[in-house]
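Here's the structure we're looking at; comments come further down.
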Amino acid sequence: MNQVMGSNDRVETAEAMEVATGLLMRARARFEALEEPDEAMAGSMLVAENAATAFDPVGYQMARHRARAVDALEMLMDSMHDPASGRLEARPMAMYALVRMSIEASAMALWTIQSSKKHDRIYRSLQVAYAHLIEYADFASVVANADQAAPYVAFRDEKTERLIELKGAVRILGQRELTKPPKLWRILQAVSPTVPPGQPHRVDSPYVVWKMTSAFLHGSDHLTRDLGDFEQVTESDGVGATFVVKPSWSLLCSCVAACVMEVEKLDARVRYLATTAYGERSLLPVS
C-alpha cells in the first residue's frame, strides 16, 4: 500500500515525474504497435466456440470488448498530449474514467476466455450475452411504459431461450442454470491472480487499477486525497480546510501502462485460441 498511497499534502518530485513520463512513452509506443488479431483459423478452438455461442459468438464479443478498451486508451493518450506545444498534461479526476473503461473492457474479455476448459469459455460467453439481453430490456422499461417496452421484453425472453439451447448443446452445461456474470470486482480479481495466492495484489494489477479509478469516479474523499496530489492551502478552521487538487502524473502514467498490458494479454490469448486446435495442436505453418 505504501507504494501507492502517500501523505495528504505532497507534490511529485521532478525525478518521479520524469520516470513516469518515460513509462508513459514506452506504453504509448507499445500501444501504437498493437495489431488487431487476425481472423480465427479453420479448425481452431475459437472457430468451434464461435459456433457454440452462435447467438453472440465469443470472438465477436472479444472484438467489441477490445474496441472499448482501445478507444478509451486512444482518447486518454490523445488528451494527455498537446501536439501544438508538445506538452504532456493531465487532469486530476476525469481521465480515470477512461482508465476504468479500458481496464473493465479488457478484464471482461480476459475473464470470458482465460479458462483452459472449453465449457467454461462457452458458458461465460453465454453469461455475457445473457446480461446484455437483460440490460436491453431493462433500459426499454425505464424509458417507455409497459406496453411500449413489451416487444423488448419479448425479445429478451425469446433470445434467452436461444442461449439456453446453446448451453444445453454442451453436455456438461446441460443442468447448469444460465446466470449473469459475477460482479465486476470478482471479475477483476479473477484476472488479477496473486503469487502466491492470498498475498496482496500488485499495484499494477487490473483489480488495483480498477479500485483506484473507482475511487476517483465515486469521489471517495480519503482515497483520492492519498492517491492524488492534494495540496492544503489554508489552515483548518475546525470544520475543514481548502485544498488544491492536482493530477498525480505518476499514478496516471502507471494506470495507462497497466491498461496497455491488459490489451496485450487479451490479444495474445485471442491469437492462441484462434490458431490452436483442441489438444494444444498449433495450426500455424511450420517455419
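The values are calculated or read from the model by the stated rules, or taken from the named source; none is laboratory data. What you see is a predicted model, and the numbers here were worked out from it, not measured in a lab. When we count neighbours, we look across all protein chains shown, and the Cβ atoms used for this are built from the backbone with ideal geometry, even at glycine.
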Starting from residues that are under 30 Å from Ala131 (Cα atoms) and assigned to a loop (DSSP other than H, G, I, E, B), keep the ones in segment 72-111 and report whichever is modelled with the highest pLDDT.
Ala94
Just give me the residues in segment 157-179 being of a type in the set (A, V, I, L, M, F, W, C) and farther than 12 Å from Ile122 by Cβ, in sequence order.
Ile164
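Of these, Val191, Val208, Val195, which one is surrounded by fewer than 12 Cβ atoms within 10 Å (Cβ to Cβ) and under 25 Å from Arg269 (Cα atoms)? Walk me through it before giving the result.
Working: Val191 fails: surrounded by fewer than 12 Cβ atoms within 10 Å (Cβ to Cβ); Val208 fails: surrounded by fewer than 12 Cβ atoms within 10 Å (Cβ to Cβ).
Of the residues listed, the single one that is surrounded by fewer than 12 Cβ atoms within 10 Å (Cβ to Cβ) and under 25 Å from Arg269 (Cα atoms) is Val195.
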Hey, among Tyr136, Tyr60, which residue is touching a Lys or Arg at 6+ places or on another chain (Cβ under 7 Å), among the aromatic types (Phe, Trp, Tyr) and without any contact (Cβ under 8 Å) to a residue 60 or more places away in the chain?
Tyr136
All conditions in (1) outside any loop (DSSP other than H, G, I, E, B); (2) out of contact with any His (no Cβ under 7 Å at 6 or more places or on another chain); (3) within 17 Å of Met108 (Cβ to Cβ) are true of Phe216 except (3)
Considering every residue within segment 182-195, establish whether at least one is part of a loop (DSSP other than H, G, I, E, B), β-branched (Val, Ile, Thr) and touching a Lys or Arg at 6+ places or on another chain (Cβ under 8 Å).
yes
Please find, within segment 262-273, the residue that is farthest from Leu88 (Cα to Cα) out of those that are touching a residue at least 60 places away in the same chain (Cβ under 8 Å) and among the aliphatic types (A, V, I, L, M).
Leu273
Pairs, please: C-beta under 7 Å, at least 6 apart or cross-chain, first residue touching a residue at least 12 places away in the same chain (Cβ under 8 Å) and aliphatic (A, V, I, L, M) and in segment 186-213, second surrounded by 13 or more Cβ atoms within 10 Å (Cβ to Cβ) and assigned to a loop (DSSP other than H, G, I, E, B)?
Ile187/Pro181; Val191/Gln114; Val203/Val4; Val208/His201; Val208/Arg202
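How many residues, within segment 23-46, are part of a helix (DSSP H, G or I) and touching a residue at least 40 places away in the same chain (Cβ under 8 Å)?
Start the filter on segment 23-46 by keeping residues that are part of a helix (DSSP H, G or I), which leaves 23-32, 45-46.
Now drop any that are not touching a residue at least 40 places away in the same chain (Cβ under 8 Å), which leaves 23-24, 26-28, 30-31, 45-46.
Qualifying residue count for the region: 9.
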Given (1) at pLDDT 95 or above; (2) under 25 Å from Pro247 (Cβ atoms); (3) out of contact with any Asp or Glu (no Cβ under 8 Å at 6 or more places or on another chain), Trp210 misses just (3)
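Arg186 - would you say it is among the basic types (Lys, Arg), within 22 Å of the chain's Cα centre (by Cα), at pLDDT below 95 and surrounded by fewer than 19 Cβ atoms within 10 Å (Cβ to Cβ)? Steps first, please.
Details: among the basic types (Lys, Arg): yes; within 22 Å of the chain's Cα centre (by Cα): yes; at pLDDT below 95: no; surrounded by fewer than 19 Cβ atoms within 10 Å (Cβ to Cβ): yes.
No; evaluated as a whole, the condition is false for this residue.
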If I ask for residues that are aliphatic (A, V, I, L, M) and within 20 Å of the chain's Cα centre (by Cα), which ones from segment 51-79 would you list?
Val58, Met62, Ala63, Ala67, Ala69, Val70, Ala72, Leu73, Met75, Leu76, Met77
With the requirement that a residue be among the basic types (Lys, Arg) and part of a loop (DSSP other than H, G, I, E, B), what does segment 237-287 give you?
none
Boolean, Ser116 is at pLDDT 95 or above, within 23 Å of the chain's Cα centre (by Cα) and surrounded by fewer than 15 Cβ atoms within 10 Å (Cβ to Cβ)
yes
